[in-house]
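Input: a single structure, listed below in structure tokens.
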Amino acid sequence: NQAGNAQNNLNKDNAEDPSAGKQSAEDKQQQQADSKKIEELEERDGEVRNHERAHAQRGGQYAGSPNYEFESGPDGQRYAVGGEVSIDISEESTPEETLRKMQQVRAAALAPTEPSPQDLQVASEASQKASEARAQIAAQNNEDTRASFLQAFSDEEQNIQLGPELEDIVEGTGV
């Protein structure tokens with residue numbers, strides 16, 4: 001008869017059991033949470049990759065390749081959740097070259113739709129170096145203009161024919 005009771009227990013509706021349906025509800029909640037987490041990771045991955053790609057493209061020769069920080073999702077996939085692109089912000093050999101470079105570096109730092117605080121700091125530093133380069137160019141242009149003026153003045157002075165000296169005039173009059 002024990003075998004019959006065991007068979008009855010297997011066929012018995014367990015709706016009255018307090019744990020009835022609990023496991024499948026927990027599984028469903030976990031699946032929903034995992035699905036939501038994956039959506040969030042996919043969205044963040046796209047944002048991060050677009051952000052870093054914008055830096056790299058605008059930075060051209062002064063920007064490195066993007067480096068990413070990854071997080072594994074519930075599905076086992078890796079998603080980019082952070083990243084960086086190194087940008088060369090060193091000065092060049094001439095103020096003109098430095099100015100061109102800093103304009104490109106600033107554009108690269110501000111290329112993403114939403115620049116980060118670090119992006120804004122790099123843009124500010126590039127702007128400062130560009131201003132210094134402009135000042136150097138202006139000073140150099142002023143010096144070049146001054147030197148040209150002095151040279152022209154000197155050349156003109158040599159071309160002026162001076163009249164006789166006062167002594168020559170006095171001697172010539174017999175006074």
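Expressed as a whole percent, the accessible area of the range 107-157 that falls on carbon and sulfur atoms is 51 (1.4 Å probe).
Across the alpha-carbon set of the range 25-94, the Rg to Rh ratio works out to 1.25, Rh being the Kirkwood radius. Extension gain for ASP88-ARG134 works out to 14.6 nm (0.36 nm per residue, less the C-alpha to C-alpha distance). Charging the Cβ of each Asp and Glu at -1 and of each Lys and Arg at +1, and nothing else, the dipole of the range 38-102 about its Cα centre rounds to 280 debye.
Judged by the mean number of other Cβ atoms found within 10 Å, the most tightly packed of the peptides 49-60, 24-35, 130-141 leads the ranking 49-60, 130-141, 24-35.
Sorting 108-115, 71-78 by their mean Cβ neighbour count within 10 Å, with the most densely packed peptide first, gives 108-115, 71-78. Using the Cβ of GLU84 as centre and a radius below 9 Å, the other residues enclosed give a net charge of -2, where K and R count +1 and D and E count -1.
In this structure SER116 has an accessible area near 40 Å², from a 1.4 Å probe over the protein heavy atoms.
The values are calculated or read from the model by the stated rules, or taken from the named source; none is laboratory data. Note that this is a predicted model, so its numbers are computed, not measured. Positions of Cβ are backbone-derived with ideal geometry, glycine not excepted, and every protein chain shown enters the neighbour counts. The area values use the complete protein model at the heavy-atom level, side chains included, leaving out ligands, DNA and RNA. Shrake-Rupley method; radii C 1.70, N 1.55, O 1.52, S 1.80 Å.
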